[in-house]
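Quick notes on the structure that follows.
Any read-out appearing in this document is the output of simple, stated calculations on the displayed coordinates, not a laboratory observation. Predicted, not measured: the structure shown is a model, and the values here were computed from it. In this analysis, Cβ positions are derived from the backbone assuming ideal geometry, glycine residues included, and neighbour counts consider all displayed protein chains.
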Amino acid sequence: MTDLLEPRAIGQALVRRDGEQKVRGTATYAYETPVENPAFCHPVQATIARGRVTAMDTAAAEALDGVLAVLTPFNAERLASTDDAEYAVLQSPEVAFRGQLIGVVVAETSELAREVADGITVAYAEQPHDSELRTDRPDLYAPEQVNAGHPTDTSEGDVEAAMRSAEVTVDHTYETQMLHNNPIEPHATTALWEPGADVPLTLWDSTQGVHPDRAAVSEVFGLDEQQVRVVCPYVGGGFGSKGNPHANVMLVAMAARALPGRPVKLALTRQQMFFLAGYRTPTIQRLQLAADRRGRLQAIAIDVVEQTSKVKEFAEQTGVPTRMMYASPNRRSTHRLAALDVPIPSWMRAPGECPGMFGPEVALDELAEELGMDPVQLRIVNEPDVDPDTGKPWSSRHLVECLREGAQRFGWSDRGPGRRREGDWFVGYGVASSVYPTMRQATSTANVRFERGRYVAEIGAADLGTGAWTVLPQIAADALGVDVADVEVRIGDTRYPTASVAGGSSGTNTWGSAVSVAAREFRDKFGTDPHDGDEASGDVDQAAMDEDHAAYAFGAQFAEVRVHADTGELRVPRLTGVFACGRIINPRTARSQLIGGMTMGMSMALHENSVFDPRIGQVANHDLAEYHISVNADVQQIEAHWLDEHDPYVNVMGSKGIGEIGITGTAAAVVNAVHHATGVRVRSLPVTLDKMVPGLP
Amino acid sequence: MKPFSYARPGDVAEAVREVAAEPNAVFLAGGTNLVDHLKLGVATPDLVVDVRTLTSQEVTDLPDGGLRLGAASTNSEVAADRRVRERYPVLAQALLAGATGQLRNAATTGGNPLQRTRCVYFQDVTTPCNKREPGSGCSAVGGYTRYHAVLGVDAALPDPDAPGTCIATHPSDMAVALAALDAQVQVLGPSGARTLPFTDLHRLPGDDPATDTTLGHGELITAIDLPPLPAGTRSAYRKVRDRASYAFALVSVAAVVTDDGVRLALGGVAHTPWRATRAEELLRGRALTDDVVRAAMDAELAAAQPQPGIDGGNGFKIPLVHRTVVATLRQLTTEAQA
Amino acid sequence: MDAEISLRVDGESHRLTVDTRTTLLDALRERLGNTSPKKGCDHGQCGACTVLLDGRRSLICLALAVAHDGAEITTADGLAPAGELHPVQQAFLEQDAFQCGYCTPGQVCSAVGVLDEVDRGWPSHVTEDLTGDVELSHDEVAERMSGNLCRCAAYVNIVPAVQQAGGAR
Ligand SMILES: Cc1cc2nc3c(=O)[nH]c(=O)nc-3n(C[C@H](O)[C@H](O)[C@H](O)COP(=O)(O)OP(=O)(O)OC[C@H]3O[C@@H](n4cnc5c(N)ncnc54)[C@H](O)[C@@H]3O)c2cc1C
Ligand code: SF4
Ligand code: FES
Ligand code: FES
C-alpha cells in the first residue's frame, strides 16, 4: 500500500507546456537540430531478400565533387559489439532481408547523397529466400519466452476434454495483419563525433528514451556511456518504433565517426521505414472457447502463430491477455514462431495486448451469438475474482463497471437483434473489452533543485506527445506541495538523470515515482524554505514496488458501424470507451492519449495493412499513399471516459498508464459491430469492403 | 534523383520546341506527380520544361456553350468554378473526390489526366516493371493487385515475363469524368495544333505498356474543352475507396444521363478511363430500372478478368463496379423524378 | 545543376542558390533553417509540409524550388508575430488538437487555407449541394482536413479547433 499524493495540480486539465512551440513549428525535432555546416546521409539498401553482396561499385561515387564518404560492408569500421545482430550494421556482406542496410553515402547536400546512394551498383550472390508465414510450416518453434519476459506457453486443466463435453463451443482462427508504426516524424538523427572531447559522440536522435538509446550505442561502439550524449526534447511520435534504436542510429553514428568534427544528418525515408524501423508481426490465432448454457466459460485457449526475423528474435506476447481476462477452469496459451528472411519485428503500441485482444474478443462475440446472450452480459458472468493466471488478487479491477457505464453511455440497449437498415446503410453495434498491464520500470532517477525561486526537476524522460512536459510538473508540484507554475521540468537529455524508456505505458508511472521520491528527499533535506542551488535526487522507490497484486488497467469499447448496402464501404460513426486506468494526472492530455489509441485501433480495424509480397520479401505498399492510416474524415465521434479509480498498490500517483490501453479491443468491437450490421463475420483484419460485398443483398 | 536542367521558356511554342528537341525532356506543371517520380527514380529526364505559368490558368466560355479549361487551371479552381458546378457536376465531384485540398491547389488540368499509374511495383525501381523498364516483366501479375485492372486485360494471370504485360490502372478521377463528358483535348505539338477526343487520349498497354497516351513527344496539352450538354442532363461521380478520403479509387463511376441515353465511364478498372460503350448501347432508349442496368453491366463486364494475387486479388472489383453503376444510375434517376 | 532564386518566407526576403532538384521543403529546412514545415513522407502523402504558398495551402515537398522563384511562403511560424498566436493556433492549443506536434504546423497551415476556401464558397467532396452555401460542419471540416495525417490521431480535437477558429474570425 502506498499513500497516494494529495492531488492538487494532479487532476487539472492544464494546457500543454510545449504547445506554443508545436503549433508554430519551432519545437526542434532530431533532424532539425541547428548545427554548423551539416553533411547529409542517404542509406543504401539491399534489393535481394537473402544472399551476399559480392561487390559494390563506389569508385565513381567517391570521386564526385561533394561526396564526403561512402561506407559499405567492405570499408566500414568494425564495431566493438555485434551481439545484437540488428545493430551489426555493415559488418558483413551477408544479406538477411530485403531492405537491409548495406551502405551509406555522406555528401554536402541531401540531393547529392540521395543521387549517389541510388546510383551505386551492387552485385549480389542471391540465395532463395523464405518469407511466407503459414501455420503449416514444419519449422515453427517455441521461443524461450515471449516479449516482456512472459512464458511462451501456459496450461491449466484440460481444454480438449472441456471442448468435448461443453454445451456450447467456439473454435475459429483469427488473423491480425502486419502493421507498421509509422510515426509521422521519420526515424532521424543529427550526429556529431568529436574525437578527443570529453563526450566525443553526440546524437540528437528521435527516441523514446535517451538513456536506453545511449546504452545501446555505447555498447555497439565500445564507448563508455559517459562518452555518449543523446538529446531528444521532442519526439514526433514513436508508438514503440523508437523504443529501441534501430540500425539507422548505428549507421549515422558510423557516418559521423567517418567525418570527425562534422555534424551529419540522416532521416529514413518513409519507404525505408517499412524495412528498418520495426513493425507488428502478423498473427494467426486459433481460439477455443467452451461454455455452459449460462455462458460461463469451461475452457479458453489461444494458440498463436506469428513471425520473427531470422536475424533477431522478437516474439510478440499475443496470447498473454487471454491468460488473465476471464475466469475458466481449463486454460491454455501457446506461441509458435516462424523465423523468416524478413525485416525485424518489434514493439508497436500495446505489443501483445493489441493483437491479443482481437481473437478472444471476437470469439466471445461468436459465443454470445451461439448462446443467444448479450455480449456485455457474457463478459460480466466470466469476471474472475482473482487473476486467473497468477492467482494473485487484483490491485483493482473495474471491467464490469466499465462495461455497464459504457453500455449506458453508448445506448447499447437500443441494439436490436441485428441487420438494421437506415437508408443506404446497414447499422450495427459491437463491444469488446480492453486491458493493459500496469507497469513500472525498476530504474529511473530524478533531481530536484531550487533555482532562482523555482523548483527544477530534471530527468531524461521523453515526451512523444504523451504529455511528459506538462504532466511531470504536475506530479512534482504535488510532491513538493507547491504551485505547478513554480515548477520547471527538463527532460530529453542524457545530461539529466537516468530515465527508463517511454514504453509499456510506464513512463509517467516510473518517472513520476522518481520525481516524487526526489521531491520527498528534497523536502526532507532542505525543508520548505530552501536556498538557491539546493538539490536532491531520488530513485524509483523499490520498496513501494508491489509484487502481491495483479495490476492492470481495464476498459470497455463500444462501436457503431455502418456498411453501405451497395458498395460495402465501412464507416464508424461512433466509438465510446470507458476505462478504469487509475488516477488521471491531466484529463486534457489523457483524453487525447485514450482517443488516440482508440482511433489507431479503428485504423487497424478498417485500413492498415502492410501487404507483404513473399515473392520478393517486402511490403508491397510501402508508403503512406498505399499503407492507409485513418484520415480525419474516417473519424466521427470518438469518446473516452474514465472511472474515478483509486488504486493504492500501483504507485504514489495512483496512475496506471494510458498510452496503450486505448488501442486494445477496438478492432474486435468494430468487427463485432460489422457482424451485427451485416451478418458477415470477418475473422481476418482489416475489415475492408471487399470482404463485405459477397454478403450484401 | 538524377540531375537535370530546368527551363522556363517564354511561351508555349518555345516550350514545345525545347521538349521536342531533347529526347529526354519532359513538361512540368503542378509537379505533384512528376516530382514524386523524380524522387523515386521512376522519371529520369535530362531536361524539365516548366509550363505551369505558360498555359492558361482560366476557365472560359466557348461559343458553343461549352467550357474551356486552360491547361494550367488548378484542380481546385476548376472544381470551384460556378459554371462547372452547375453544368458539369460530374467533373466537380470527380475533382473533389481526388487527392486533397493541398494537392488540388497545385494539380493542373493538363497534368491530372497525364499522371501515371499508382501500381506499387511501377513506383519501386527495385522491382521489374514493363511500364517503367520495357521488357523487364510485370511484377504485379500474381502480386498485389488490389488496385489493378480487370478490364482490357486478356487473362486472369497474364504472362508476367511477356514484354507487353501490364495490368495497371489509370488513377485519375478527373479523367473518368472527362471521358464520360466527351471532352476534347487541345494539343500543341512540334507540327502544330490538333484536337483530340479525350477518349482517345489514353491507350491500352497493347505491346507497349510504357506508353500511357497517344500524345507524341513534345505534344503539349494547352486546354481541355467541355462540350455543351443538353438541357435536363444529370450527371454524377461515385468513387469507392479504402478510406473516406485521400485514397485512390478501387472503382469509380462517372455517369451522364441525357434524354438520349447514358454516358458511362469507369475508373480503377482498366489502363484507361473505361468508357462502358457496350452498356451504353444496351441502355440507349431504355428506362433505367435496376434490372435493365444490371443486364447492361453484365454485358459490359462479361470479358472482365479478375487478377488473383496476394491479399485476395482484385476479383471483388467486378461485382463492386457493377453494384456501383447500378446505385449511381438509380440515384440519378430518382433525383430526376424528385 | 544550380540555380539562383528568391523567396519571401514569413515576410523575409531571401536570395539563395539551389540545386534544380531541391524542393521548396528542403530549401526551407536545409538551406534557410526554417524547420516549421515538417517532412513526413516527402511524396505528398501526409500533409506535414503544408504551408501557404502564394496564399494557397500547398504541399512543398512536391514543389521544385526553381519552379517557384519569387514565391511568397507563409509557414506556421509566420502566421503570427513572435509571442502571439494566430486564432487557429490558439484554438489548437485550447482543444489539445495535437500530441507529438510533428503534423501540427502542417495542420495549422492547412486549417488557415480551409477557412479561406470556405470563405470563398468552395465546395468539398461532402458538400451536398454543389451550388449552395458551405458551412463549417464537422463533416466539412473533417473532409477538408483529410490531407493532413495525424498518427497520434488528434482528429477528434482538430475539427472543433478549426470550427472554433472559423467562428472566432
Ligand atoms: C498522395 C497523392 C494522392 C493522390 N490522390 C489522387 C486521387 O485520389 N485522384 C486523382 O485523380 N489524383 C490523385 N493524385 C494525383 C494528382 O491528382 C496528380 O498528381 C496531379 O493531378 C498531376 O497534375 P500536375 O499538374 O501536378 O502534374 P505534373 O506532376 O506536373 O505532371 C504530370 C505529368 O503530366 C505531364 N504534363 C503536365 N502538364 C502537361 C501538359 N500541359 N501537357 C503535356 N504534358 C503535361 C508531365 O510531364 C508529367 O508527365 C494524388 C497524388 C498524390 C501525391
Ligand atoms: S502492372 Fe504495369 S505498371 Fe505495374 S508492374 Fe506490371 S507492368 Fe509495371
Ligand atoms: S512531407 Fe509533404 S506531404 Fe508528406
Ligand atoms: S500530433 Fe503527432 S502526428 Fe499529429
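Here are the numbers for this structure:
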read-out: Dipole moment magnitude, nearest 20 debye, the stretch C:87-167 about Cα centre, only Lys, Arg, Asp, Glu C-beta charged; value: 440 debye
read-out: Alpha carbon centroid spacing (whole Å) that separates the stretch A:633-697 from the stretch A:59-136; value: 40 Å
read-out: Shielding by other protein chains, C:137-143, mean Cβ within 10 Å; value: 4
read-out: Three-way shape label, chain B, alpha-carbon gyration tensor, a/c 1.5; value: oblate
read-out: 3J(HN,Hα) from dihedral phi, the stretch C:17-28, Karplus parametrisation 6.51/-1.76/1.60, rounded to Hz, x for glycine, proline; value: 9, 10, 5, 4, 7, 5, 7, 4, 4, 6, 4, 5
read-out: Sequence-distant aspartates and glutamates (8 or more away, or on other chains) whose Cα lies within less than 14 Å of B:Lys239; value: A:Asp566, A:Glu569, B:Asp173
read-out: In nm, spacing of pseudo-spin labels at B:Asp260 and A:His172 (7 Å Cα→C-beta vector); value: 5.3 nm
read-out: Whole-Hz ³J(HN,Hα) from phi, Karplus 6.51 cos²θ - 1.76 cosθ + 1.60, for the stretch B:36-44, glycine and proline x; value: 3, 6, 4, 5, 6, x, 6, 10, 9
read-out: For chain B, share of DSSP beta bridges that run antiparallel, in % to the nearest 5; value: 80 percent
read-out: Selected from A:Tyr496, A:Gly240, A:Val70, residue furthest toward positive end of dipole (chain A; charges at beta carbon); value: A:Gly240
read-out: Whole-Å semi-axes of the stretch A:184-305's equivalent ellipsoid (Cα gyration tensor); value: 43, 15, 12
read-out: Antiparallel content of DSSP bridges confined to chain A, in %, to 5; value: 75 percent
read-out: Cα-based shape type of chain A, given that a ≥ b ≥ c are square roots of the gyration tensor eigenvalues and the cut on a/c is 1.5; value: oblate
read-out: Vicinal HN-Hα couplings computed from phi for the stretch C:131-139 (Karplus, 6.51 cos²θ - 1.76 cosθ + 1.60; Hz; Gly/Pro x); value: 9, x, 7, 10, 10, 8, 6, 3, 5
read-out: Mean Cα-pair separation over length for the stretch C:2-78, i.e. relative contact order, pairs under 8 Å, 6 or more apart, %; value: 39 percent
read-out: Cα-centred dipole magnitude for chain B, charges only on beta-carbon of K, R (+1) and D, E (-1), debye, nearest 20; value: 860 debye
read-out: Relative contact order, percent, chain A [alpha-carbon distance under 8 Å, six or more residues apart]; value: 17 percent
read-out: Rounded FRET efficiency, nearest 0.05, which uses the C-beta distance separating B:Glu281 from B:Arg203 and R0 of 22 Å; value: 0.50
read-out: Amide H contacts of B:Thr222 (H built 1.01 Å from N, under 5 Å, at least 5 apart or other chain); value: B:Gln186, B:Val187, B:Leu188
read-out: Highest-first arrangement of A:59-68, B:195-204, A:485-494, where packing means the average Cβ count within 10 Å; value: A:485-494, B:195-204, A:59-68
read-out: Chain C: angle of helix C:104-119 to the longest principal axis, Cα-based, in degrees nearest 10; value: 60 degrees
read-out: Paramagnetic reach from A:Asp153 (point 7 Å along Cα→Cβ, amide N under 12 Å) across the stretch A:279-303; value: A:303
read-out: Cα centroid of the stretch C:61-77 to Cα centroid of the stretch C:90-152, whole Å; value: 21 Å
read-out: For the protein assembly as shown, with +1 on Lys and Arg beta carbons and -1 on Asp and Glu, the positive-most of B:Leu250, A:Val631, B:Leu38 along the dipole; value: B:Leu250
read-out: Overall form of the stretch C:1-49 per C-alpha gyration tensor (a/c, 1.5; a/b vs b/c); value: oblate
read-out: Choice from B:Ser56, B:Ser172, B:Ser73 showing the highest fluctuation, given a GNM over chain B with Cα pairs closer than 10 Å; value: B:Ser56
read-out: Average beta-carbon neighbours from other chains, 10 Å sphere, peptide A:616-623; value: 6
read-out: 5 angstrom amide H check on A:Asn586, placed H, neighbours 5+ away; value: A:Gly11
read-out: Most mobile of B:Ala79, B:Ala21, B:Ala231 in a GNM of chain B (Cα contacts under 10 Å); value: B:Ala231
read-out: Count of lysine pairs in chain A with Cα separation under 26 Å (8 or more residues apart, or interchain); value: 7
read-out: Residues whose placed amide H lies under 5 Å from that of A:His622, excluding near-sequence neighbours; value: none
read-out: Global size of the stretch B:5-50 as Cα Rg and Dmax, reported in angstrom; value: 10.4, 30
read-out: Residues B:Lys239, A:Lys691, C:Lys39 arranged by fewest to most Cβ contacts within 10 Å; value: A:Lys691, B:Lys239, C:Lys39
read-out: Cut-off 15 Å between beta-carbons: net charge of the residues surrounding B:Gly70, Lys and Arg +1, Asp and Glu -1; value: -3
read-out: For the stretch A:401-486, alpha-carbon Rg over 2.2 N^0.38 Å; value: 1.93
read-out: Span-rule helices in chain A, defined as complete DSSP H runs reaching 15 Å or more along the axis (Cα) with Kyte mean at least -1.0; value: A:210-221, A:247-258, A:359-371, A:399-410, A:468-480, A:507-526, A:587-606, A:666-678
read-out: Mean-position separation - Cα centroids, the stretch B:299-338 and the stretch B:163-225, in angstrom; value: 24 Å
read-out: Relative counts (whole %) of C-alpha pair distances in the protein assembly as shown, using bins that are 10 Å wide; value: 2, 10, 18, 24, 22, 15, 7, 2, 0, 0
read-out: Dipole of the stretch A:384-432, positive direction: furthest Cα of A:Pro384, A:Gly411, A:Ala432, with charges on the beta-carbon; value: A:Gly411
read-out: Cα-centre dipole for the protein assembly as shown with unit charges at Cβ (Lys and Arg positive, Asp and Glu negative), debye to 20; value: 1700 debye
read-out: Rel. contact order, % - alpha carbon contacts under 8 angstrom, at least six apart, the stretch C:25-162; value: 27 percent
read-out: GNM flexibility winner over chain B from B:Asp50, B:Asp208, B:Asp11 (Cα, springs under 10 Å); value: B:Asp11
